[in-house]
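What follows is a short report on a single structure.
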Amino acid sequence: MFETAVKMFAAAGYRHLGLDHFAREDDELAIAQREGRLHRNFQGYCSHDSGDLVALGVSSISSVGDVYAQNDKLLDGYYRRIERGELPAVRGIALDADDFVRRDAINALMCDFRVDFAALDARRGIDSRRWLAGSIEALAPLAEAGVVRVDERGVQVTPRGRLLVRAAAMVFDRHLAQAPSGASYSRIA
């Protein structure tokens with residue numbers, strides 16, 4: 001059904017940005033994607049790097065500096081914390097160097113449908129093929145299914161694979177692999 005929806009949006013003049021996001025070809029998001037400057041944060045796609053993001057509301061996630069913090073998911077707990085004069089954040093994580101490399105790889109896949117190893121190397125001062133070797137190996141089933149192509153230059157999401165870009169991006173998220181069983185995150189199926 002989603003493949004049919006993508007075709008219908010394309011026929012109506014909309015560009016598939018990724019996931020379930022579309023924009024007209026003359027929209028700033030479509031232009032940013034064509035120019036390689038599309039970004040993604042917890043709010044969705046944006047035409048520029050959003051910098052720090054302070055989130056308000058139940059279950060919202062802030063990104064400030066090298067910290068992610070999530071507000072209480074339950075309305076009662078959220079209000080209780082606010083009434084006590086506390087921040088409503090109930091969990092968070094301080095990002096390390098590995099998180100920043102992986103975030104760059106995930107954003108590149110989600111926004112550009114590719115990870116350019118040379119660009120990632122230059123941005124982070126690393127050998128990204130070595131740094132991300134385990135994740136690249138974990139892409140093998142997706143490569144066999146025709147979702148991605150992996151070569152010495154990087155990872156490319158195929159046109160067919162664009163519908164499954166989240167599956168390719170999730171391979172790079174080490175926190176998903178470390179999550180306790182039963183933890184809930186965005187799902188692809």
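Write out the trypsin sites (Lys or Arg not before Pro) in segment 1-94 meeting two conditions: DSSP loop, and at most 16 other Cβ atoms within 10 Å of their Cβ.
Working: sites: 7, 15, 24, 34, 37, 40, 73, 80, 81, 84, 91; in loops: 37, 73, 84.
Hits after loop and neighbour filter: 37, 73, 84.
Put in order of Cβ neighbour count within 10 Å, fewest first, the listed residues 6, 148, 171 become 6, 171, 148. Prolate is the label for segment 1-93. Its Cα gyration tensor axes, ordered a ≥ b ≥ c, give a/c of at least 1.5 and a/b above b/c.
Starting with the highest mean, order 117-126, 104-113 by the number of other Cβ atoms within 10 Å, averaged over the residues of each peptide.
Values: 117-126: 15.1, 104-113: 21.2.
In descending order of packing, they fall as 104-113, 117-126.
Using θ = phi - 60° in the Karplus curve 6.51 cos²θ - 1.76 cosθ + 1.60, the 3J(HN,Hα) couplings for segment 156-171 round to 10, 7, 6, x, 5, x, 4, 6, 10, 4, 4, 5, 5, 5, 4, 4 Hz; x is entered for Gly and Pro.
Taken along the Cα-to-beta-carbon direction at a fixed 7 Å, the label points for residue 98 and residue 9 span 3.4 nm.
Of the DSSP H helices in the chain, none is both long (alpha-carbon extent of 15 Å or more along the helix axis) and hydrophobic (Kyte-Doolittle mean at least 0.5).
Overall form of segment 2-46: oblate. Here a/c, set by the Cα gyration tensor axes a ≥ b ≥ c, is 1.5 or more, and a/b is not larger than b/c. Report summary: the helix-based calculation at 222 nm, which adds -39500 (n - 2.57) for every DSSP H run with n ≥ 4 and divides by the residues of the chain, gives -10500 deg cm²/dmol. Is segment 97-178 best put as rounded, prolate or oblate by its Cα gyration tensor, with a ≥ b ≥ c the root eigenvalues, rounded for a/c under 1.5, and otherwise prolate when a/b is larger than b/c, oblate when not? Since a/c reaches 1.5 and a/b is larger than b/c, the shape of segment 97-178 is classed as prolate. Directionally averaged projected area (the chain, Cα convex hull): 12.4 nm². Taking the centroid of alpha carbons for each part, segment 44-61 and segment 1-37 are 21 Å apart. By the count of neighbouring beta-carbon atoms within 10 Å, fewest first, 47, 135 end up ordered 47, 135. For the chain, a Gaussian network of Cα nodes joined below 10 Å ranks 96, 76, 49 by mean-square fluctuation, and the top entry is 76.
Counting every other Cβ atom within 10 Å of each residue's Cβ, 128, 62 order from fewest to most as 62, 128. Label positions at residue 143 and residue 122, each projected 7 Å from the Cα along the C-beta direction, are separated by 2.4 nm.
Any read-out appearing in this document is the output of simple, stated calculations on the displayed coordinates, not a laboratory observation. The shown structure was predicted, so the numbers you read here are calculated from the model rather than taken from an experiment. For neighbour counting, all protein chains shown are included, and Cβ atoms are generated from backbone atoms with ideal geometry for every residue, glycine included.
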